[in-house]
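A.B. asks: Please read through the structure below; I'll follow up with questions.
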Amino acid sequence: MNLDKLQNWLAEHNVDAAYISNPITIAYFTGYEMEPEERIFALLAFKDAEPFIFCPALNVEEAKHSEWNGDVYGYLDHENPWQIIKNHVEKRTKSFKHWAIEQNNLPIERYNFLRQVFNNSDFDTNLSEFIDHLRLYKTPEEVEKLKAAGAEADFAFQIGFDNIATGVTERYIAGQIDYQLKLQKGVMHQSFETIVQAGENASNPHLGPTMNTIKPNELVLFDLGTMHKGYASDSSRTVAYGTPTDKQKEIYEIDREAQQAAIEAAKPGITAAELDAVARDIITKAGYGEYFIHRLGHGIGKNVHEFPSIMQGNDLVIEEGMCFSIEPGIYIPGVGGVRIEDCGVVTKNGFEPFTKTDKSLKYIPLRDKK
């Protein structure tokens, strides 16, 4: 579960203990996934003692029967969780002077509680960057889960395409996608809200599905993903309903060319900034650079958006085992928008997408609402 890497890091940096607060990070290290809501959920790890999970009492048995095979301690709602944590730490080790925390996750209030109970300790070491880099390289087992999530996204696209019709709303189509994923594939969680955008709505990249109705002869943009055994998919496709305008067909083909060029360029040795430039230069030279208003991509794994950002100014060198999205977009107010996105894994020879849905412009025939 990579806990040995965490413990080695603590020893190398002369840090006694780590307080892991992000539920996704805890799942990464332990295999136990849980959303604690407002309650305290943490993983305590040490350089010279065995780690333990701390969680609400109502989740203790669940944690014990998960993939985690270490100790689990709980607390009742009326109890002081911070004092209980301290008691367990003191029973486990005498070394808890220097702590590491996830500075990009731990709320100030909980940070202050930790400092109060461990009042002779410091919490100056930041774990966030180490964890980001550790999760950057996916194992073969992780890649298989990401591929399975990608296959679920491909299924979802087909459901979406099949439900396009004149007069149906974006929300109706999104609802059908989510429902059929549950009914036919057993997918209980999307990695984010399913996005369906038709016509001018697609010029706003992250506008959720609205009550806007589908009209003939416009582009429809889909952005969707699922969670498969704790790993996310994220993919976008844009299709034509009826006959789009020449302008819409033009921006589609430019975006498709840019995305394909970036996929072919994504190999070990290129930097994130250079990869972003491959797609951005094509769109800019075609005269649409001002309408490509986001980074080329983001990492993916247990979170739908992870480190790194594939963007201008990032000199991170791409290496084998990294997983991220390639998703150029062109968004023109009053005209519409196009985004084509695949997440994939960098291999020694290139980039292998997790989603396989065809990217040549698909024409959906006009049809009436059922």
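The values are calculated or read from the model by the stated rules, or taken from the named source; none is laboratory data. Only a predicted model underlies this, so the values are computations on that prediction, with no experimental measurement involved. Here Cβ is always computed from backbone atoms with ideal geometry, including for glycine, and neighbour counts include all displayed protein chains. Keep in mind that these areas ignore ligands, DNA and RNA; they rest on the heavy atoms of the full protein, side chains included. Shrake-Rupley method; radii C 1.70, N 1.55, O 1.52, S 1.80 Å.
A.B. asks: Is any residue of segment 90-112 close enough, with backbone N under 13 Å, to a label point placed 7 angstrom from the Cα of D122 along the Cα-Cβ axis, and if so, which?
C.D. replies: Of the residues in segment 90-112, 97-100 have backbone N under 13 Å from the label point off D122.
A.B. asks: Need one word for segment 61-109: rounded, prolate or oblate. Basis is the Cα gyration tensor (sqrt eigenvalues a ≥ b ≥ c); a/c below 1.5 gives rounded, then a/b vs b/c decides. All intermediate terms of the calculation are to be shown ahead of the outcome.
C.D. replies: Numbers: a/c = 1.35, a/b = 1.28, b/c = 1.05.
Rounded is the answer for segment 61-109, as its axis ratio a/c remains below 1.5.
A.B. asks: Okay, next question. Please work out the Cα convex hull volume for segment 131-179 and give it in Å³ per residue.
C.D. replies: Working: hull volume 4.9 nm³, N = 49.
For segment 131-179, the hull spanned by Cα atoms encloses 100 Å³ per residue.
A.B. asks: Follow-up question, since we're still on this one. Please state, rounded to one decimal and in Å, the Kirkwood hydrodynamic radius that segment 213-370 gives when every pair of distinct Cα atoms enters the mean of 1/r. Kindly include the intermediate steps, with their values, before the conclusion.
C.D. replies: Numbers: mean 1/r = 0.0621 Å⁻¹.
Answer for segment 213-370: a Kirkwood hydrodynamic radius of 16.1 Å.
A.B. asks: Please compute the net charge surrounding A258, taking Lys and Arg as +1 and Asp and Glu as -1 over other residues with Cβ under 12 Å from its Cβ.
C.D. replies: Values: positive: R256, R280, K285, R339, K359; negative: E253, D255, E257, E264, D276, D281, E327, E341.
Neighbourhood net charge equals -3.
A.B. asks: Continuing with the same structure: Could you work out what % of the accessible surface of the chain is carbon and sulfur, using a 1.4 angstrom probe and leaving DNA, RNA and ligands out of the count?
C.D. replies: On the way: 7830 of 16290 Å².
Ligands and nucleic acids excluded, carbon and sulfur reach 48 percent.
A.B. asks: Angle check, please: helix 246-265 long axis (alpha carbons) against the longest principal axis of the chain (alpha carbons), in degrees 0 to 90, nearest 10.
C.D. replies: On a 0 to 90 degree scale, this one is about 40.
A.B. asks: Counting only heavy atoms of protein chains, what accessible area per residue, in Å², does segment 1-119 have with a probe of 1.4 Å?
C.D. replies: 50
A.B. asks: Relative contact order for segment 1-101 using alpha-carbon pairs under 8 Å, separation at least 6, rounded to a whole percent? Kindly include the intermediate steps, with their values, before the conclusion.
C.D. replies: On the way: 156 pairs, mean separation 29.4, N = 101.
Normalised by residue count, the contact order of segment 1-101 is 29 percent.
A.B. asks: Related question: What would the Debye equation give as log₁₀ I(q)/I(0) for segment 323-370 at q = 0.19 Å⁻¹, counting only Cα atoms as equal point scatterers?
C.D. replies: Values returned for q = 0.19 Å⁻¹ are -0.81.
A.B. asks: Here is a follow-up. Where Rh denotes the Kirkwood radius from the mean inverse Cα pair distance, what is Rg over Rh for segment 110-157? Walk me through the numbers before you get to the answer.
C.D. replies: Numbers: Rg = 19.1 Å, Rh = 14.3 Å.
That ratio is 1.33, to two decimals.
A.B. asks: Enumerate the residues in segment 149-181 having an amide nitrogen under 17 Å from the point lying 7 Å beyond the Cα of K356 toward its Cβ.
C.D. replies: Residues 149-159 qualify, since their backbone N sits under 17 Å from the label point.
A.B. asks: Roughly how much of T347 is accessible, in Å² to the nearest 10, using a 1.4 Å probe?
C.D. replies: 40
A.B. asks: Between the alpha-carbon centers of segment 308-370 and segment 112-183, tell me the distance in whole angstrom.
C.D. replies: That distance is 16 Å.
A.B. asks: Sticking with this structure for a sec: Roughly speaking, what is the centre-to-centre gap between segment 26-45 and segment 244-281 when only Cα atoms are used, to the nearest Å?
C.D. replies: Taking the Cα centre of segment 244-281 as reference, the centre of segment 26-45 is 38 Å away.
A.B. asks: Another question about this same structure. Two decimals, Cα atoms only, Kirkwood Rh: what is Rg/Rh over segment 1-49?
C.D. replies: Radius of gyration over Kirkwood radius for segment 1-49 works out to 1.00.
A.B. asks: For the chain, report the % of Cα-Cα distances exceeding 27 Å. Show your work: numbers first, answer last.
C.D. replies: Numbers: 36699 of 68265 pairs.
Counting pairs separated by more than 27 Å, the tail of P(r) holds 54 percent.
A.B. asks: Sequence neighbours fewer than 8 away in the same chain don't count; with that in mind, list the lysines whose C-alpha is under 20 Å from K86.
C.D. replies: K47, K94, K97
A.B. asks: Which value, in Å² rounded to 10, gives the accessible area of M34 with a 1.4 Å probe and all protein chains present?
C.D. replies: Spelled out: M34, probe radius 1.4 Å, area about 20 Å².
A.B. asks: If you wrap segment 86-186's Cα atoms in a convex hull and average its projection over all directions, what's the area in nm²? Let's see the in-between values first.
C.D. replies: On the way: hull surface 45.0 nm².
The directionally averaged projection comes out at 11.3 nm².
A.B. asks: Report, for segment 82-224, the % of DSSP beta bridges that are antiparallel, rounded to 5. Present the calculation step by step, with values, prior to reporting the outcome.
C.D. replies: Working: 5 of 8 bridges.
Of those bridges, close to 60 percent are antiparallel.
A.B. asks: What relative contact order, as a whole-number percentage, does the chain give when Cα pairs under 8 Å and 6 or more residues apart are counted? Spell out each step's value before the answer.
C.D. replies: Working: 798 pairs, mean separation 53.7, N = 370.
The value is 15 percent.
A.B. asks: Could you tell me which of rounded, prolate or oblate describes segment 230-322, using a ≥ b ≥ c as the square roots of the eigenvalues of the alpha-carbon gyration tensor, with rounded for a/c under 1.5 and, failing that, prolate when a/b is larger than b/c and oblate otherwise? Before the final figure, lay out the partial values.
C.D. replies: Numbers: a/c = 2.36, a/b = 1.47, b/c = 1.60.
Because a/c hits 1.5 or more and a/b fails to exceed b/c, segment 230-322 counts as oblate.
A.B. asks: I would also like to ask the following. Can you give the accessible area of Y291, probe radius 1.4 Å, in Å² rounded to 10?
C.D. replies: Around 60 Å² of this residue is reachable by solvent.
A.B. asks: A further question follows. What is the ratio of the Cα radius of gyration of segment 28-169 to 2.2 N^0.38 Å, where N is its residue count, to two decimals?
C.D. replies: On the way: Rg = 20.2 Å, N = 142, 2.2 N^0.38 = 14.5 Å.
Ratio of Rg to 2.2 N^0.38 Å for segment 28-169: 1.40.
A.B. asks: Suppose we keep just the DSSP beta bridges with both residues in the chain; what percent of those would be antiparallel, to 5? Kindly include the intermediate steps, with their values, before the conclusion.
C.D. replies: Values: 40 of 54 bridges.
Taking every DSSP beta bridge within the chain, about 75 percent pair in antiparallel fashion.
A.B. asks: With N residues in segment 197-248, what two-decimal value do you get for its Cα radius of gyration over 2.2 N^0.38 Å? Write out the running numbers ahead of the final one.
C.D. replies: Numbers: Rg = 13.1 Å, N = 52, 2.2 N^0.38 = 9.9 Å.
Against the compact-globule rule of thumb, the ratio is 1.32.
A.B. asks: Could I ask something else about it? First check a/c for segment 280-370, with a ≥ b ≥ c the square roots of the eigenvalues of its C-alpha gyration tensor; if it is under 1.5, answer rounded, and if not, answer prolate when a/b is larger than b/c or oblate otherwise.
C.D. replies: On the way: a/c = 2.18, a/b = 1.40, b/c = 1.56.
Oblate is the answer for segment 280-370, as a/c is 1.5 or above yet b/c matches or exceeds a/b.
A.B. asks: Evaluate 2.2 N^0.38 Å with N set to the residue count of segment 108-251, then give the Cα radius of gyration divided by it. Can you show the working numbers first?
C.D. replies: On the way: Rg = 20.8 Å, N = 144, 2.2 N^0.38 = 14.5 Å.
Here the answer is 1.43, to two decimals.
A.B. asks: Now for a separate question. Determine, from the Cβ-Cβ distance of N349 and L58 and an R0 of 45 Å, the FRET efficiency 1/(1 + (r/R0)^6), rounded to the nearest 0.05. List each step's numbers first, then the result.
C.D. replies: On the way: r = 49 Å, r/R0 = 1.08.
The pair N349/L58 has a calculated efficiency of 0.40.
A.B. asks: Same structure again: List the aspartates and glutamates whose alpha-carbon lies under 12 Å from that of K267, not counting same-chain residues fewer than 8 positions away?
C.D. replies: Excluding near neighbours in sequence, the set is E319, E320, E352.
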